[in-house]
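> I'd like to ask you about the structure that follows.
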Amino acid sequence: MTILENSLIHELPPLPGNPRNSEGDFLRLKGGRILYAYSRYGGNSLSDDAPCDIAGLISLDHGESFSALPELLVKAADHGVKNVMSVSMVRLQSGEAVIFYLCKYEKGTNIFLRRIREARDSASEKAFSEGFSLSDPELVYEGRNQAYLVMNNSRVLVKRDGSLILPVAVHQLIMEADGHTHGEYRGEAVFIQGDRDARAFHVLSGPHALTPIGHSRTGLQEPCITELPDGRLQALYRTDLMSQYESFSEDGGRSFSPPLPSRFTSPDSPIEIAENPYVQSTGDGFRFLAVWNPVPNYNGRLKPGSPWITAGRTPLVAAASSDGLAYGEPLVIEDDPDRGFCYPAVFFTGPDTFLLAYCAGNAADGNCLAGLRIRKIRIQ
């Protein structure tokens, strides 16, 4: 396959009072509009726990351009905290749309959802966000006072039977001598199942650990879940062992095979696997798209400046597959050695065309997480 178009259509660099714009997800709204929601930081800190709300961009032209919504989508103050982040958005089989996000407390993290209320006629009935609003928050999974939870952006899977799978990394809380609490860096994976209406959630399996842990500091971080054509579930995990690790479930997620190295060589950075909805309806194009960083942080690999300027997250590539198992040669999306590219989200606008959003910061921005880009890509 080759890239026929690779256009930068929107960029959100850090600004004074807005030091970081990062990880988000796309959703098709009624009337054809496309919503992109993302983590928008305020103040002057780039830290994951710094003040952050969820903002949105809207496209009225099928993803050719985006403009900022006039108001924030989700405010941290709505929860009495300073940080909400890491958005996933899905449309249920009922037609209802749902937004998931993390809510960070002083001790631990909770996962919430809100339902997207869409106006029937967005041209004549405009809410603050071009014809839609959000319901009250609903608690999905509670880690507060117990664990630091991570479900990063664009992660919720709607299975073919309509149920949901939420892949979550659990980091046990550690209290320092000064009373400060933080999550252990090493993660374990938990898979949460939601019913078709996103009303009831329960732990399906886990925690799953990397065994033996060996030289790994990460364990299993930021899991990604995919439903393969044969009905199996494939889980991929961010590790520091020079590849994404993978495991499979043949019983709907109630159990998984032991995690082993996958074909996706990688630094300590998450992978995104997206299923192409146009293949199911037309039979044209490729069915799965993987987006990731293929060069691991091997001993001796040079990293410009601070380790978190790029974190080794360059280049950024994409590869296509018909079955979710065998992938073609990767196509380079970005390869600037002085930038880090990570936390991708994919949205298909046609059988061979997709929008790709991702972090793309450099030293001037502060680190790889600070700036955000959206590209339109067409491959053949």
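> One residue is enough: does the stretch 335-358 have a residue meeting the conditions surrounded by fewer than 16 Cβ atoms within 10 Å (Cβ to Cβ), in a loop (DSSP other than H, G, I, E, B) and touching a Lys or Arg at 6+ places or on another chain (Cβ under 8 Å)?
No, the conditions are met nowhere in the stretch 335-358.
> Just the residues that are modelled with pLDDT of 90 or more and either out of contact with any strand residue (DSSP E or B) (no Cβ under 8 Å at 6 or more places or on another chain) or in a loop (DSSP other than H, G, I, E, B) (or both), please, taken from the stretch 108-132.
Gly108
> Could you look through the stretch 185-241, keep only residues that are among the polar types (S, T, N, Q) and over 11 Å from Pro259 (Cβ atoms), and pick out the one that is surrounded by the most Cβ atoms within 10 Å (Cβ to Cβ)?
Among those that are among the polar types (S, T, N, Q) and over 11 Å from Pro259 (Cβ atoms), it is Gln221.
> Just checking, does the stretch 319-331 include any residue being assigned to a strand (DSSP E or B), touching a residue at least 12 places away in the same chain (Cβ under 8 Å) and of a type in the set (Phe, Trp, Tyr)?
yes
> Here's another thing I want to ask about it. Just one of Ser7, Ser22 is hydroxyl-bearing (Ser, Thr, Tyr), exposed (fewer than 15 other Cβ atoms within 10 Å of the Cβ) and either in a loop (DSSP other than H, G, I, E, B) or at pLDDT 95 or above (or both); which is it?
The match here is Ser7.
> Can I ask one more? Evaluate the stretch 62-77: report whether one residue or more is in contact with a Ser or Thr (Cβ under 9 Å, 6 or more places away or on another chain), touching a residue at least 24 places away in the same chain (Cβ under 8 Å), hydroxyl-bearing (Ser, Thr, Tyr) and surrounded by 24 or more Cβ atoms within 10 Å (Cβ to Cβ).
Checking the stretch 62-77: not a single residue is in contact with a Ser or Thr (Cβ under 9 Å, 6 or more places away or on another chain), touching a residue at least 24 places away in the same chain (Cβ under 8 Å), hydroxyl-bearing (Ser, Thr, Tyr) and surrounded by 24 or more Cβ atoms within 10 Å (Cβ to Cβ).
> Now for a different question. Just the residues that are more than 21 Å from the chain's Cα centre (by Cα), among the charged types (D, E, K, R) and part of a loop (DSSP other than H, G, I, E, B), please, taken from the stretch 47-86.
Correct list: Asp61, Glu64, Glu71.
> Select, from Pro277, Pro294, the only residue that is under 19 Å from the mean Cα position of the chain (by Cα) and surrounded by fewer than 17 Cβ atoms within 10 Å (Cβ to Cβ).
Answer to the selection: Pro277.
The values are calculated or read from the model by the stated rules, or taken from the named source; none is laboratory data. Quick caveat, the model's predicted, so the values are computed rather than measured. Cβ sites come from the backbone with ideal geometry, for glycine too, and all protein chains shown count toward neighbours.
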